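Before any comments, here is the structure.
Nothing in this text is a laboratory measurement; each read-out follows from the coordinates by a stated rule. Predicted, not measured: the structure shown is a model, and the values here were computed from it. For neighbour counting, all protein chains shown are included, and Cβ atoms are generated from backbone atoms with ideal geometry for every residue, glycine included.
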Amino acid sequence: MLRGKFSIKRQLLLWLLIPQGVLWLAGAFLSYNVARHYTSTAIDDSLLQTARAIGRQIKPQDNGLIIDFPHALQLLLDDDSDERLFYTVSLNTGGIIFSNSELPPLQSHQRPDNRIVFYDAPLQSESLRIVSLYFPVEITQQKKWMHVQVGKSTEARSRLSKEILIAIAAPLAVLIFAMSFLVWWGINRGLRPLARLQRLVEEHSGQDPSPLQLDNEPEEVGALTSALNRLLSSTNESVARQRRFIADAAHQLRTPLAGLKSQTELAMRETTPEGLSNRLTMVHTSANRSIHLVNQLLTLARSEPDSVKGMPRVPLDLAKLIRELTAECVPRALAAGMDLGCDTDISEAPMHGNSALLRELFTNLIENAIKYIPRGCNITARLSIEDEHYVVEVEDDGAGIPDSDKERVFERFYRREQTGNGCGLGMAIVKEITERHRGNIQLLDAEPHGLIVRVVLPIKAG
């Protein structure tokens with residue numbers, strides 16, 4: 001199932017702007033509640049001060065109460081504006097002393113010792129914020145409580161809260177808009193190197209081996225560019241190897257196929273049974289050489305790094321593998337007049353590797369020894385452990401290889417001797433397979449004469 005494409009720019013904008021919007025809403029909500037709290041506190045303080053001022057102007061005298069309002073307080077109480085105050089003064093024993101409106105009482109009974117109470121209550125078509133305040137008075141030598149209620153419409157509180165909210169939210173909105181624009185501009189500017197890298201990759205020719213280069217690139221884009229350059233380098237090397245392999249294979253196949261064609265044409269011209277038999281024998285020999293060359297080329301192709309990545313590595317027993325291969329090659333060694341043996345005291349040698357390639361590796365080593373040393377010589381395959389590595393040695397007591405040729409024998413299609421049926425790929429295959437298993441191979445001189453092919457493989461192959 002294909003997943004939909006997404007834009008890094010869009011993702012960055014969403015992850016940056018959405019939190020900003022949430023913070024703006026949270027800030028506006030918090031600002032509104034803070035403004036409402038302080039507005040309510042200011043109004044409550046104003047109502048309390050007014051209630052106390054009223055209470056102080058009512059004093060007991062003789063057998064009653066005297067009311068002495070200053071002119072300023074009277075004007076405040078009788079104001080007809082939107083900020084009009086409503087008040088009621090009464091005794092707890094009953095009876096209203098004076099008022100301009102009968103304010104609603106508390107829903108629950110309020111004892112006189114709870115002297116100050118704020119509450120909201122409806123009055124006609126509007127809602128009031130009311131303060132209830134009790135003052136102790138003595139009338140006819142009896143202690144009584146004077147109840148003062150002062151109320152004010154909550155509309156003023158709501159209006160003031162909204163004004164404060166607008167005063168705070170409007171600058172915040174402008175700030176959020178400016179920040180969003182800066183974020184958008186910054187993201188576009190920050191992603192500009194990626195756009196330059198995209199254009200550079202699109203303009204880069206597949207035949208151009210030069211690496212990608214960007215001027216003043218950020219660290220993240222530099223890491224991506226380096227990774228792309230490594231990929232391009234690996235791809236170019238792989239393509240070069242494939243081209244070289246195809247060219248070498250075409251060159252090497254041309255000769256045996258041309259010889260096979262010539263022998264076939266000569267065989268078609270033969271008129272005697274003996275001559276035809278000889279020609280067919282030569283055709284058979286040429287066909288065997290061609291088959292051997294093709295098999296070696298296919299093995300070499302399988303041992304290439306790009307091919308090995310797709311080939312599984314499984315647990316295997318290297319000691320068992322060496323013993324089996326040695327036993328399989330004994331008949332060929334006996335037919336060639338040689339003594340082939342296996343020398344190892346290791347019962348088990350577990351490791352991870354590609355069993356098909358490892359079999360090809362050690363089969364090539366033993367068959368090369370059988371093919372190129374004289375009759376009557378000895379060949380020994382050994383397995384040992386050294387420093388967390390398996391060491392496989394194939395030793396013969398033949399003529400050996402001069403030091404000048406020890407490195408060249410690993411080159412493809414290099415043959416020290418033009419006799420025999422070899423195609424010069426055996427040791428190249430051995431080296432490729434060894435390197436693919438993170439090992440190394442050496443050619444050493446045997447004592448008193450001969451050659452030791454030493455293959456070192458890690459026990460824990462990567």
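Remarks
- In sequence order, the range 334-346 has phi-based couplings of 5, 5, 8, x, 10, 9, 10, x, 10, 10, 8, 9, 8 Hz under the Karplus curve 6.51 cos²θ - 1.76 cosθ + 1.60, θ = phi - 60°, and Gly or Pro positions carry x.
- Residues whose placed amide H lies under 5 Å from that of residue 338, excluding near-sequence neighbours: 376
- Amide H to amide H distances under 5 Å link residue 450 with 400, where only residues 5 or more positions off or on other chains count and H is placed in the peptide plane.
- Put simply, the amide H of residue 97, placed in the peptide plane, has neighbours under 5 Å in 89, 90, 91, leaving out anything fewer than 5 places away on its chain.
- Peptides 212-218, 351-357 ordered by average Cβ neighbours within 10 Å, highest first: 351-357, 212-218
- Ordered by the number of other Cβ atoms lying within 10 Å of each residue's own Cβ, fewest first, 281, 154 fall into the sequence 281, 154.
- Within the range 124-214, none of the chymotrypsin sites (Phe, Trp or Tyr not before Pro) combine a DSSP coil assignment with at most 12 other C-beta atoms in a 10 angstrom radius.
- Residue ranges 341-347, 267-273 sort as 341-347, 267-273 when ordered by packing (mean number of other C-beta atoms within 10 Å per residue, highest first).
- Along the range 435-448 the Karplus relation, 6.51 cos²θ - 1.76 cosθ + 1.60 evaluated at θ = phi - 60°, assigns HN-Hα couplings of 5, 5, 9, 6, x, 9, 10, 9, 10, 10, 7, 8, 9, x Hz to successive residues, with x for each Gly and Pro.
- Across the range 44-58, computed HN-Hα scalar couplings (Karplus, 6.51 cos²θ - 1.76 cosθ + 1.60, θ = phi - 60°) run 4, 5, 5, 4, 5, 4, 5, 4, 5, 4, 5, x, 6, 7, 10 Hz from first to last residue, x flagging Gly and Pro.
- Debye intensity ratio in log₁₀ form over the Cα atoms of the range 314-458, taken at each q of 0.12, 0.15, 0.19 Å⁻¹: -0.45, -0.73, -1.21
- Computed packing ranks the peptides 365-371, 449-455 as 365-371, 449-455, most packed first, by mean other Cβ atoms within 10 Å.
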